[in-house]
1. Under 19 Å from the mean Cα position of the chain (by Cα), surrounded by fewer than 23 Cβ atoms within 10 Å (Cβ to Cβ) and outside the structural domain of Tyr224 (by TED's automatic domain parsing): which single residue out of Pro86, Pro104 fits that description?
2. Of the residues in region 40-68, how many are under 26 Å from Ala234 (Cβ atoms) and over 18 Å from the mean Cα position of the chain (by Cα)?
3. Taking only region 194-227 into account, find how many residues are over 23 Å from Arg112 (Cα atoms) and either modelled with pLDDT of 95 or more or not charged (D, E, K, R) (or both).
4. Does Leu319 satisfy being in contact with a Ser or Thr (Cβ under 9 Å, 6 or more places away or on another chain), buried (at least 24 other Cβ atoms within 10 Å of the Cβ) and of a type in the set (A, V, I, L, M)?
5. Would you mind stating whether Asn247 is part of a helix (DSSP H, G or I), more than 13 Å from the ligand (Cβ to nearest atom), over 19 Å from the mean Cα position of the chain (by Cα) and closer than 27 Å to Ile140 by Cα?
6. Name the residues in region 270-289 that are part of a helix (DSSP H, G or I), buried (at least 17 other Cβ atoms within 10 Å of the Cβ) and touching a residue at least 24 places away in the same chain (Cβ under 8 Å), would you?
7. Test of understanding: among Glu15, Glu36, Glu32, Glu42, which residue is buried (at least 19 other Cβ atoms within 10 Å of the Cβ) and either modelled with pLDDT of 95 or more or farther than 22 Å from Asn285 by Cα (or both)?
8. Residue by residue through region 250-269, note down the ones that are surrounded by fewer than 16 Cβ atoms within 10 Å (Cβ to Cβ) and either of a type in the set (S, T, N, Q) or outside any helix (DSSP H, G or I) (or both).
Amino acid sequence: MYNSKITGLGYYLPENVVTNDDLSRFMDTTDEWIQERTGIKERRWIDPKTDDTTSTMGVKASKIAIERAGLKKDDIDFIIFATLSPDMYFPGGGVRVQDMLGIPTVGALDVRNQCSGFIYSISVADQFIKTGMYKNILVIGSENHSGGLEKSTRGRGVTVIFGDGAGAAIVSRSNVNGKGILSSHLHSEGKHARELMLDGPNTGRWVPEIIAANDPDDESYYPYMNGQFVFKNAVTRFSEVINEGLNANNLTKQDIDMLIPHQANLRIAQFIQRKFQLSDDKVYNNIMSYGNTTAASIIIALTEAWEKGKIKENDLVVLAAFGAGFTWGSVIIRW
Ligand code: UT7
C-alpha cells in the first residue's frame, strides 16, 4: 500500500475587500457586534464586474498548487472539487476546472459537504492514492457566497459571516512510511439538516413556482442558520473528532504542532484552543480577514500557515471541520 502526502498548496481571493462598516451601510449591523460575536473584521466578496466565479477562482488556486508541487497539468490524474456554491446547478465545478486547466479527460468528482468539504475531499483523495489507483490528485475548495446572500437586515445573522475564495491542494503518492496523511475521520448527523441549509429552489419546488408565488416573505432561497444550535454542536463535534484522530494514531494533544480549524467563527476556534491547551503558535486562524469561506477555509488557512513558515517538516498537523448536514471530520497529517 502507498502513502499519500500534500505536495502543493495554493489559494486565490477576490480583490474586493468588504469591511464590517461597509455592511452596516445596507443592513442594521455594527463592526462591534460582528467582531465580538465572530472575530471577523473584513471579508472578500467577488466584484461582479470581474470574471471571478467559483470555478475560475478554483482554477487560479489550482495553478499555484500544481506549480508548487513541481507538476505539469498533465500529471494530474483526478480532480475533486468541493463547494456549496457551484457556477451551475449541474454539472459541478470539477469538470469546469478540468476544461479550464486543459487537463486531459481525467475523472472529476464534486463533493457537497459544505464546511467539511475539504476534509471529505482530502479523505477521498487519500483513499484513491493509498489503493494505488491515482498518483496526483487535485483537490479544490471554492465558494462564491456573496452571489447568494441576503444583503439586508433580515439576512444579517448569516450574511456578515461568509466570504468568497478558493484553495487547492495536490495530494500525491509517497513511499515514505509514517509521513503524510495518517488518517481521516468523517461523520454526519442528517437529522439536523434543516438547522443550516439553503432550502430552495429544489426539485420539490422549482424556480417557476417560486417566481409565480411572488412572496416577499419567502426566505427559502437564502441560507438559513440556527446559529446558537450550530455553535453548540460545533464545539462538541470539533473536540470529539480531533480526539478521535489523535487516539487512532496513539497521539495526544501535546503532540499537536499545528491545528487548522475550519474558519467558522473565531470564538469556536478559541474554545477548541483552550480545550486542547494549545499555545497561540499552534493554532492558525485567518477568519478575521476572510470570513467563513466554507469548503475553501481550511485550504486557504493551511496554505497561509505553510507560506509563513509555521508548518515545518515532521510537524503534526491536525485539520478539523464542522458544518451543514451536519457533517464533521478531521485529518491527521505528519508533514
Ligand atoms: O461554518 C458553518 C458552521 N457555522 C457555525 O459554526 C456558526 C455558528 N454560530 C455562530 O457563529 C453564531 O451563532 C452567530 C455568529 C451566527 C450569531 O451569534 P449569536 O451570538 O449566536 O447571536 P444570535 O443569533 O443569538 O443573535 C443575538 C442577537 C439577536 O437580537 P435579539 O433577538 O437578541 O434582539 C439578533 O437579531 O443579535 C442580533 N443579530 C445581529 N445584530 C447585529 C444577529 N445578527 C446580527 C448582526 N448584527 N449581524
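The values are calculated or read from the model by the stated rules, or taken from the named source; none is laboratory data. These numbers were taken from a predicted model, which means no experiment stands behind them. Every residue, glycine as well, gets a Cβ built from its backbone with ideal geometry; the counts of neighbours run over all protein chains shown.
1. Going through Pro86, Pro104 in turn, the sole match is Pro86.
2. Keep residues of region 40-68 that are under 26 Å from Ala234 (Cβ atoms), which gives 40-45, 54, 57-58, 61.
Within this subset, residues satisfying the condition of being over 18 Å from the mean Cα position of the chain (by Cα) are 41.
So the answer is 1.
3. As a first pass, look at region 194-227 and keep what is over 23 Å from Arg112 (Cα atoms): 208-218.
Now drop any that are not either modelled with pLDDT of 95 or more or not charged (D, E, K, R) (or both), which leaves 208, 210-214, 216.
So the count comes out to 7.
4. Working: in contact with a Ser or Thr (Cβ under 9 Å, 6 or more places away or on another chain): yes; buried (at least 24 other Cβ atoms within 10 Å of the Cβ): yes; of a type in the set (A, V, I, L, M): yes.
Yes: the conditions hold for Leu319.
5. So Asn247 does not fit the description; no.
6. Correct list: Phe271, Ile272, Lys282, Ile287, Ser289.
7. Working: Glu15 fails: buried (at least 19 other Cβ atoms within 10 Å of the Cβ); Glu36 fails: buried (at least 19 other Cβ atoms within 10 Å of the Cβ); Glu32 fails: buried (at least 19 other Cβ atoms within 10 Å of the Cβ).
The unique qualifying residue is Glu42.
8. Asn250, Thr252, Gln254
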